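Notes follow once the structure below has been shown.
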Amino acid sequence: VQLQASGGGLVQAGGSLRLSCAASGRTSTTNTMGWFRQGSGKDREFVAAQWWSTTATSYADSVKGRFTISRDNANTVYLQMNSLKPEGTAVYYCAAGSKVWYGGEWNFRAYDSWGQGTQVTVSS
């Protein structure tokens, strides 16, 4: 599976951005799409995930109520980010997994394919 992320940019605190991740290739093997982020000098952290067969979603506590993950019918996954905070400044990565189980979505090792990342900068 190949992933192409886009939509990052510079936004003021309190603003919104929508990230997109277009999946291509053997998407029939994908059961979960996720978003992770990595700030400068920090570990990669889980943001959100969606299971394609059930449309169930999962969010990190830090983004619950502000971020929404969704998917269209053309294998593109979105991350709508509202009420952005400066601590949300990071490179955001989308990921695809074929065997991501409920409860394991936070672990980046559970995913098979990764996009190139898109920079999000939130100014205070």
If you check every pair at least six apart or on different chains, which have Cβ atoms under 7 Å apart with a residue in segment 8-24 that is on the phi > 0 side of the Ramachandran plot first and a residue that is of a type outside the set (A, V, I, L, M, F, W, C) second? Gly14/Ser83
Can you tell me how many residues in segment 80-124 are under 21 Å from Ser28 (Cα atoms) and part of a strand (DSSP E or B)? 7
Considering segment 1-32, residues that are more than 25 Å from Pro86 (Cα to Cα) and aliphatic (A, V, I, L, M), and then whichever is surrounded by the fewest Cβ atoms within 10 Å (Cβ to Cβ), we arrive at Ala22
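Conditions tested, residue by residue: (1) farther than 20 Å from Asn75 by Cβ; (2) out of contact with any helix residue (DSSP H, G or I) (no Cβ under 8 Å at 6 or more places or on another chain); (3) part of a loop (DSSP other than H, G, I, E, B).
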site: Ala5; (1), (2), (3): no, yes, no
site: Gly14; (1), (2), (3): yes, yes, yes
site: Arg18; (1), (2), (3): no, yes, no
site: Met33; (1), (2), (3): no, yes, no
site: Arg37; (1), (2), (3): yes, no, no
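Out of Thr89, Thr55, which single residue is over 13 Å from the mean Cα position of the chain (by Cα), surrounded by 17 or more Cβ atoms within 10 Å (Cβ to Cβ) and not charged (D, E, K, R)?
The conditions single out Thr89.
Each value in this text was obtained by applying a stated rule to the coordinates, not by laboratory testing. Computed from a predicted model, the values in this text were never measured in an experiment. Quick reminder, even Gly has a Cβ in these numbers, built from the backbone with ideal geometry, and neighbours come from all protein chains shown.
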